[in-house]
Amino acid sequence: MEILQYIFGGIITFLLAFVVGMTFGGTRRKIIARIQNRYGPPIYQNFIDAFKLFSKTSAVHHGAMHYMGPAFLMVSSVVSLMFIPILRDGGWFPNLNFHGDLIFLLYMMVFGSLGMALGAGQTGNPNSAIGVTRGLAQMVGYEIPWIMALVAMMIQFHTTSITGLMDVQLQSGTWNLFASPFAFVAAILASLGMFRYAPFNIVGAPAELASGPASENGGKYLFTMMSSHSVFAFVKLTLFADLFLGGAGNLVELLIKTFLLYMIPVLYGVVNPRYRTEQAVRWFWGWPTVFGIIAIAYAVWST
Amino acid sequence: MNVIFLILILFLVGAIVTAFAGKWSSLLQDGLFILAVTIPAVLFFTQVEMNQLVGWTRGGIHLELGLTPFSYFFAILVLLLGVASAIYSVGFMHGKARKSYYYFNYLLTIMAMLGILFSRDFISFFVFWEIMTWASYLMVVMNGTRTQEIGIKYFVFSAIGAYAMLMAIVLIHAQTGNFLIQDFIDTYPSLAHGRQILIPILLLVGFSVKAAVMPLHVWAPGSYAYSPMSFTSVFSGALSKMGIYGMVIVFVTLLSHLPEGGLIRDIIAWMGAMTAVIATLWAIAQDDARKLLAYSSVGQLGYIVIAVAIGTPMAMLAGLFMAFMHGLFKGALFMVVGAVEKQTGTTDFTKVTGLIRKMPWTFLTALISIIALAGIPPLGGFIGKWMLYESLILSDHYLLVIVAFFSSTAAFLYAYKFLFGFFLGQEEEEWADVKEAPITMLIPMLALAVGSILLGAFPQLILKPINNGLISLGFSDSYGKLWETSTLFNEWGDKVVLQPIIYAIMGVFLTTLAFTYFRNRKRTRYVSTKDISTSGEIPLAHENLTFKENFFQPFLRAVEPVMKKQIDWYYREFGAGLEAIFNFTRRIYSGNGQTYALYAVIFLIVLLLLNGNLFGQ
């Protein structure tokens, strides 16, 4: 029975993440359009796109690894989702959180890029491979400030689990945003790279790489990728809300917090052009890493 | 006869018989070779008793062999890889020249490694250590390519290590009066302080050479890359772990008595971290699979050194677990390279491409092993990485975590390059007729890959022998505290439970795969890698659009300052400097009688000048 409960709860969580992620994505398109003085698509445009992709049949396939690529991507997003507490007290969203901690989550979250990269590799499209090399390079870039922020918090609060960090905030009554501000800054700067919006949209790089790893994918593949990306966006936002903003007691609180967090990469990106790959990598090893080091020093000092 | 002697003698006799059997029949030789590895292996696991000592005294020197729980763990790795790689070697060496030479050295290497693990005195230890070095040296120069450069490097560094170790052994004998390892460990705390520092450092130099710790690693990339691939899987997978074996013993039994022990350990941990980072960056820059894996081996050994140097119970578990995992996945990966080399004749990424449909099983092995290497759950690599990070954070080594994590993330780059380089990308006509590797090569490869999966789900399979070994070294039992059947804990009470993770991952993976695969498969047709959209143009059959050259150029540009000079450069400069000094010394001996007369006069003058000071008038 317990397993059924988990599966059922997992599906509900997935649907929530899917809907929220898609809506946020649509909002982003609208915001970008308004800033560029266009009218822009409706907020629900992403659902239309997804439905269109879903209902299309593919005529071709590229072999075994190409099938597995999107599946790896989905594993990464959905399993990460299952290990992140959506609300403070489970409720409708039971999850496997007590079975894994932040370091597990770190590895789970990078798994998708590698899997997708392999799937894209088999198509033989040179643009895919170029996009992949850029994406992996950028990943090495932003993972450094990100792990620094996490390590700083682990040191400060003597726990490596997400629920542990949420409990700390509940008990002390202050959000980690204030309790370890430098870690928050480092993590937010790293999140700019994680979301891959401008100026860090070097993987897909519209008008440069013909959408990179996603080229050669259509129909259901693209639908799988699109939904996986939406879910993953929700995963990242919820994780940030859990770690720094004390988690959420109910859905409305969650939506407000995640939306505000989501606006940071979106608004930063909208006014920026695109970096070159090595510029992007070095950018992450500049100020974000400095903040990371300060965060660790602060954590050592404050314990 | 004691079974320990029997095992060693069987290897030795097996080596000689196998080497000569090639004169009569190649098939007989192959059969004998496999028997010569498997029979001692079976004997080892069924007959050898733990902690039983056999010894003899000749000329006042007492020598002892025996098995401890700690060496048992390493023996599992040696024999597992030894047997797997032996079966693989039969396929790999089929139709190649100098098979007898190869088999002979292979068996000697395995024997020497087991001998090292059996040794309970320094003389046997050193003798087996040298047999191992020599046999592997002969393997390194076997191909005859760049023997001068690669072979001499390996030889010189091994010699440095061996001399350091020999010096330590002489010092030890001077202190204790015999060569027994246990006697020395017992007397160590009562030694003079200078000796207490000098002996472990000399021993550590010897072991660091084999474990390829920076700056003593320069021999490793070349030697790993130019040995026959079937041997490299043992070389990198098991032989390098002998260094780790020695290091752990030095750290635990000697340095823990020393007030400066913590500092020495931290320094070595940092050396390990630097090894991991630099070797990883160089691995990313390689265009040859053999070199890529060779650098990667050096880097992975770096993590293991970090872990064992930190030396908390969890770090020890992590280091030894990673050592075992590295044996499994790197053994398999070198076998993959060997298979590709055998089937295509090259290991250059820029030449070979798109083999996934020709060598699917090889690809599967490579995929599983690479996932294990990258440390992604649920495979075994993750468990070692998880324990490493947790132990570093809990033992207050914050910067080491960052450095280790950096190189582990950067490892994704070469991991991808490896898979993409051989198996993905555009299919070329040149490689259209490549066949899958023979079954004798596939079975051991896949077996090692399955091992990676198994250890991911059931880490207790190997954590148990590790734990027993650590208990015998004086650690407390960590079962139930740091690990259970399939759960890992840290000391703050956080944990990872592996079973639900695996079910979740498999569930999501299969669901998504079913979603894209079923029904879709029959409706769609396979399109070749030429049938792609590149801005509306379709490449012609002869047009090669594969992106391989300068693969990670943007990333390498970003890390350029770190990679400007290889450590090699410093050694070359050092060598050149020495040569200049020697040249100068040579000029002194000009062969001219008058010059020598001048030297005599100068010497006398100096003597007179210094007279007052020297003899204290």
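Within region B:429-436, not a single residue is part of a helix (DSSP H, G or I), more than 7 Å from chain A (Cβ to nearest Cβ) and under 16 Å from residue B:301 (Cα atoms). There is no residue in region A:128-138 that is under 22 Å from residue B:380 (Cα atoms), charged (D, E, K, R), within 20 Å of the chain's Cα centre (by Cα) and facing another protein chain (nearest Cβ under 8 Å). Residue pairs whose Cβ atoms lie under 7 Å apart, sitting 6 or more positions apart in sequence or on different chains, and linking a residue in region B:414-430 that is surrounded by fewer than 24 Cβ atoms within 10 Å (Cβ to Cβ) and modelled with pLDDT under 85 to a partner that is among the hydrophobic types (A, V, I, L, M, F, W, C) and in a loop (DSSP other than H, G, I, E, B), are B:426/B:545; B:429/B:541.
The set of residues from region B:394-428 being within 8 Å of another protein chain (Cβ to nearest Cβ), touching a Ser or Thr at 6+ places or on another chain (Cβ under 7 Å) and within 23 Å of residue A:152 (Cβ to Cβ) comprises just one member, B:410. Considering region B:588-599, the residues that are surrounded by 10 or more Cβ atoms within 10 Å (Cβ to Cβ) and of a type outside the set (Phe, Trp, Tyr) include one that is nearest to the other protein chains (Cβ to nearest Cβ), namely B:590. Of the residues making up region A:150-184, those that are under 22 Å from residue A:99 (Cβ atoms), assigned to a helix (DSSP H, G or I) and within 14 Å of another protein chain (Cβ to nearest Cβ) number 12. Within region B:81-107, being assigned to a helix (DSSP H, G or I) and closer than 19 Å to residue B:144 by Cα holds for B:89, B:92, B:99, B:100, B:101, B:102, B:103, B:104, B:105, B:106. Taking each residue of region A:254-277 that is within 14 Å of another protein chain (Cβ to nearest Cβ) and surrounded by fewer than 16 Cβ atoms within 10 Å (Cβ to Cβ) and looking for partners that are of a type outside the set (D, E, K, R) and outside any loop (DSSP other than H, G, I, E, B) with beta-carbon atoms closer than 9 Å, six or more apart or interchain, yields A:276/B:554.
Can you tell me how many residues within region A:220-238 are among the aromatic types (Phe, Trp, Tyr) and modelled with pLDDT of 90 or more?
Qualifying residue count, region A:220-238: 2.
When the helices (runs of 4 or more DSSP H) confined to region B:108-188 are screened for residues that are surrounded by 16 or more Cβ atoms within 10 Å (Cβ to Cβ) and without any contact (Cβ under 8 Å) to a residue 60 or more places away in the chain, those reaching at least 3 such residues are found at B:122-140, B:152-176. Selection within region B:329-352: residues that are buried (at least 24 other Cβ atoms within 10 Å of the Cβ) and not aliphatic (A, V, I, L, M). The member of this set that is farthest from residue B:388 (Cα to Cα) is B:338.
Going by the structure shown, is residue A:83 touching a residue at least 60 places away in the same chain (Cβ under 8 Å), hydrophobic (A, V, I, L, M, F, W, C) and surrounded by 21 or more Cβ atoms within 10 Å (Cβ to Cβ)? Walk me through it before giving the result.
Values: touching a residue at least 60 places away in the same chain (Cβ under 8 Å): yes; hydrophobic (A, V, I, L, M, F, W, C): yes; surrounded by 21 or more Cβ atoms within 10 Å (Cβ to Cβ): yes.
Answer is yes for this residue.
Conditions (1) away from chain A (no Cβ under 14 Å); (2) under 30 Å from residue B:250 (Cα atoms), marked per residue:
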position	(1), (2)
B:312	yes, yes
B:325	yes, yes
B:333	yes, no
B:338	yes, no
B:344	yes, no
B:357	no, no
B:362	no, no
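For region A:169-186, the criterion of being aliphatic (A, V, I, L, M), over 21 Å from residue A:73 (Cβ atoms) and in contact with an Asp or Glu (Cβ under 7 Å, 6 or more places away or on another chain) is met by no residue. Among the residues of region A:87-98, at least one is within 7 Å of chain B (Cβ to nearest Cβ), in contact (Cβ under 8 Å) with a residue 12 or more places away in the chain, out of contact with any His (no Cβ under 6 Å at 6 or more places or on another chain) and assigned to a loop (DSSP other than H, G, I, E, B).
Looking at the structure I just gave you, is residue B:585 exposed (fewer than 10 other Cβ atoms within 10 Å of the Cβ), hydroxyl-bearing (Ser, Thr, Tyr) and part of a helix (DSSP H, G or I)?
Values: exposed (fewer than 10 other Cβ atoms within 10 Å of the Cβ): yes; hydroxyl-bearing (Ser, Thr, Tyr): yes; part of a helix (DSSP H, G or I): yes.
The answer is yes for residue B:585.
Against the condition crowded, with 22+ Cβ neighbours inside 10 Å and within 9 Å of chain B (Cβ to nearest Cβ), how does residue A:74 come out, does it pass? The answer is yes for residue A:74. Cβ separations smaller than 6 Å between residues 6+ apart or across chains give the following pairs from region A:53-67 residues that are at the interface with another protein chain (Cβ under 7 Å from one of its Cβ atoms) and touching a residue at least 24 places away in the same chain (Cβ under 8 Å) to residues that are in a helix (DSSP H, G or I) and hydrophobic (A, V, I, L, M, F, W, C): A:65/A:118.
Can you go through B:481, B:522 and tell me which one is part of a helix (DSSP H, G or I) and more than 10 Å from chain A (Cβ to nearest Cβ)?
After ruling out the rest, the residue left standing is B:522.
The values are calculated or read from the model by the stated rules, or taken from the named source; none is laboratory data. Because the structure is a prediction, the values reported are computed rather than measured. Methodologically, a virtual Cβ is constructed for each residue, glycine included, from the backbone with ideal geometry; neighbour enumeration extends over all protein chains shown.
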